[in-house]
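What follows is a set of notes on a single structure, which appears directly below.
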There are 2 protein chains.
Amino acid sequence: MAVYTEVSDEELSAFVDSYNVGALTSYKGIAEGVENSNFLVQTETGPYILTLYEKRVNPSDLPFFLGLMEHLSERGFNCPTPLKNREGKALGHLAGRPAAMVTFLDGMWVRRPSVEQCEQLGVAMAQLHKAGEGFEIERANALSVGGWRPLFAMCANRADEVQKGLQNEIEKELEYFEAHWPKDLPKGVIHADLFVDNVFFLRGALSGIIDFYFACNDLLAYDIAICLNAWCFEPDDMFNVTKARAMLKGYQSVRPLSLEEYNALPLLARGAALRFHLTRLYDWLNVPEGAQVTPKDPIEYLKKLRFHRSIRTPMDYGIER
Amino acid sequence: MAVYTEVSDEELSAFVDSYNVGALTSYKGIAEGVENSNFLVQTETGPYILTLYEKRVNPSDLPFFLGLMEHLSERGFNCPTPLKNREGKALGHLAGRPAAMVTFLDGMWVRRPSVEQCEQLGVAMAQLHKAGEGFEIERANALSVGGWRPLFAMCANRADEVQKGLQNEIEKELEYFEAHWPKDLPKGVIHADLFVDNVFFLRGALSGIIDFYFACNDLLAYDIAICLNAWCFEPDDMFNVTKARAMLKGYQSVRPLSLEEYNALPLLARGAALRFHLTRLYDWLNVPEGAQVTPKDPIEYLKKLRFHRSIRTPMDYGIER
């Protein structure tokens, strides 16, 4: 649930008038997203999404995020496209915040994706990786292996409040990843947050992908690893190999994996599980006063991490190349 | 901020298909309203508002609320109109909750209404009172004078936590109102919650009124009293008599007040202040675990109550009949 900044009708009307989209007729705060304030804005020409970037977003990253959405859209990838205002700029200011308006994407996210939807996700993810080629701005992944130890340092001494022995377990994971994280796999632009609520479907078909505010340059297969965790576990924490196979089949129909990428999947999936476990652990232990967002349970990703730790090769999942 | 119930795309699609509005293409939870879950739904025929009625709404009141919106719409009053499903019913069920879809109303609520907007509100409120005539279902006002003592009983012993002496002060107010509340003023259907966020304006003109979930049968002038409090005080807690005069002028251009109604305004405004003070006091002292709504400060309405207590006749406000 997220509207952190109140906007008055006068200032929003003036902001909308700086674009060539007709006059504002309505706006509603959207109860989704945990990083920024989002509004569904209606003007005389249709619906748009307005985002006010809150303090967790670094303003210097905005040219990357907005430029990437524009780059992907131009290459036919279905994602929100930033509107340019009358001065030709995608980035404006509203209510003391950096702000942008993007096109509205039809479709809905699915609470429990089907095998077929996992396959479609695989196809779209590979298309995203291909469409990202040639994008000129670079953004390092602040939440890759190098970012985990500083993040853990901010909550390590309280980790055992969540589960006894957790501090020691994570410490060992960090040492392992710092020694073994792959460096020579294919790199490119990744979404880095392809959870089910960022992927829309309409009438059975994937209609687009949203929320590029974690996108960065990193190992392409790391995006797959994130999705193995986010899409292929059932509510009872069991890994659904049929979904994983479908996702990889879809992905490889567009961009086949190298043998090195394929073999790295268990390690990458374990690392991706640690990354989301750590951010959830931090948020869990640091709920701000008056928080309007319920933190997500870090245990879910701890279980996924342990599962992947038990895997030696993708064959152990049941995934053939 | 309010989406209390998660809805899956499958169940919402099926629900929308029970109406003759085309297929569902998108839906977003709306971060407004504190009683129910609201979604902005887009279908092939346009935008609609879907409301899931949460436990603070008594299901037996829903025929009154939905019937009233239909009754008012039929008489040309601008408010959301409930859609009838293929079985001819306005009330359905979704995700284990009573649910309804209503037409989407263009316009935006104003954070700081102008004098002119107060006048327009007065006009619309009187039109609402007139349009409500002939509506056949009755609903008593559970939050009129008879409901205040039971409400206070649930938080009286903690009232002094908010301000020293408050328990005693409210006790005296209750005694006063129970002895002096008027009984013979004109009655009808009132909105009973005409705060600024329930009144939409578009291009300077009032475009409609929403949220009829406190509507009931009560003294018509009590609605005016609620609006004197909600629209005619400035952020520094000062009463703005120019706005109050404009509101009454607008109201009386459609429905002139009787002398008895005019003379009762200070008492009714004081009572309306107590009513909102009491619900805010209760909510302030009873924030549920994991609440996603920040309770409103009860002191604001205590100040309004004390201001009205110092008034003998509407002439003391500066309002002539």
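Brief remarks on what is shown
- Residue in the stretch B:187-203 that is aliphatic (A, V, I, L, M), assigned to a loop (DSSP other than H, G, I, E, B) and either within 21 Å of the chain's Cα centre (by Cα) or within 22 Å of B:N78 (Cβ to Cβ) (or both) present: yes
- Just so you know, in the stretch B:1-23 the residues that are of a type in the set (A, V, I, L, M) and over 30 Å from the mean Cα position of the chain (by Cα) include one that is farthest from B:T103 (Cα to Cα), and it is B:A14.
- Test: residue in the stretch B:109-120 that is within 14 Å of chain A (Cβ to nearest Cβ), of a type in the set (A, V, I, L, M, F, W, C) and either under 30 Å from A:L12 (Cβ atoms) or in contact with a Leu (Cβ under 7 Å, 6 or more places away or on another chain) (or both): yes
- Between A:V196, A:V189, the distinction of being closer than 25 Å to A:G132 by Cβ, modelled with pLDDT of 95 or more, surrounded by fewer than 19 Cβ atoms within 10 Å (Cβ to Cβ) and touching a Lys or Arg at 6+ places or on another chain (Cβ under 9 Å) belongs to A:V196 only.
- Scanning the stretch A:47-61 for residues that are assigned to a helix (DSSP H, G or I) and in contact (Cβ under 8 Å) with a residue 40 or more places away in the chain gives a single hit, A:D61.
- When A:C155 is tested against the conditions (1) modelled with pLDDT under 95; (2) surrounded by fewer than 18 Cβ atoms within 10 Å (Cβ to Cβ), the lone failure is (2).
- Any chance A:L166 is surrounded by fewer than 21 Cβ atoms within 10 Å (Cβ to Cβ) and either modelled with pLDDT under 95 or among the polar types (S, T, N, Q) (or both): no
- Elements of type helices (runs of 4 or more DSSP H) contained in the stretch B:62-157, each with 2 or more residues being touching a residue at least 60 places away in the same chain (Cβ under 8 Å), within 19 Å of B:C216 (Cβ to Cβ) and not assigned by TED's automatic domain parsing to the domain that holds B:G271: B:62-74
- Considering residues of the stretch B:93-108 that are more than 14 Å from chain A (Cβ to nearest Cβ) and over 27 Å from A:Q42 (Cα atoms) only, the residue surrounded by the most Cβ atoms within 10 Å (Cβ to Cβ): B:R97
- Filter result for B:D184 (among the acidic types (D, E) and at negative phi): yes
- A:K296 being surrounded by fewer than 22 Cβ atoms within 10 Å (Cβ to Cβ), modelled with pLDDT under 95 and basic (K, R): yes
- Note on the stretch B:242-286: residues that are under 29 Å from B:V162 (Cα atoms) and not polar (S, T, N, Q) total 20.
- Scanning the stretch B:1-36 for residues that are under 19 Å from B:Y213 (Cα atoms) and more than 9 Å from chain A (Cβ to nearest Cβ) turns up B:Y4, B:T5, B:G33, B:V34, B:E35, B:N36.
- Test: residue in the stretch A:125-143 that is basic (K, R) and either within 19 Å of A:R280 (Cβ to Cβ) or in contact with a Leu (Cβ under 9 Å, 6 or more places away or on another chain) (or both): yes
- For the stretch B:50-77, the candidate set comprises residues that are crowded, with 20+ Cβ neighbours inside 10 Å and touching a strand residue (DSSP E or B) at 6+ places or on another chain (Cβ under 7 Å); within that set, the residue that is nearest to B:E35 (Cα to Cα) is B:Y53.
- When residues in the stretch A:37-61 are screened for being more than 9 Å from chain B (Cβ to nearest Cβ) and more than 27 Å from A:C216 (Cβ to Cβ), 5 of them pass.
The values are calculated or read from the model by the stated rules, or taken from the named source; none is laboratory data. Since the structure is predicted, the reported quantities are computational estimates derived from the model, not experimental observations. As a convention, Cβ positions derive from the backbone with ideal geometry for all residues, glycine included, and neighbour counts pool all protein chains shown.
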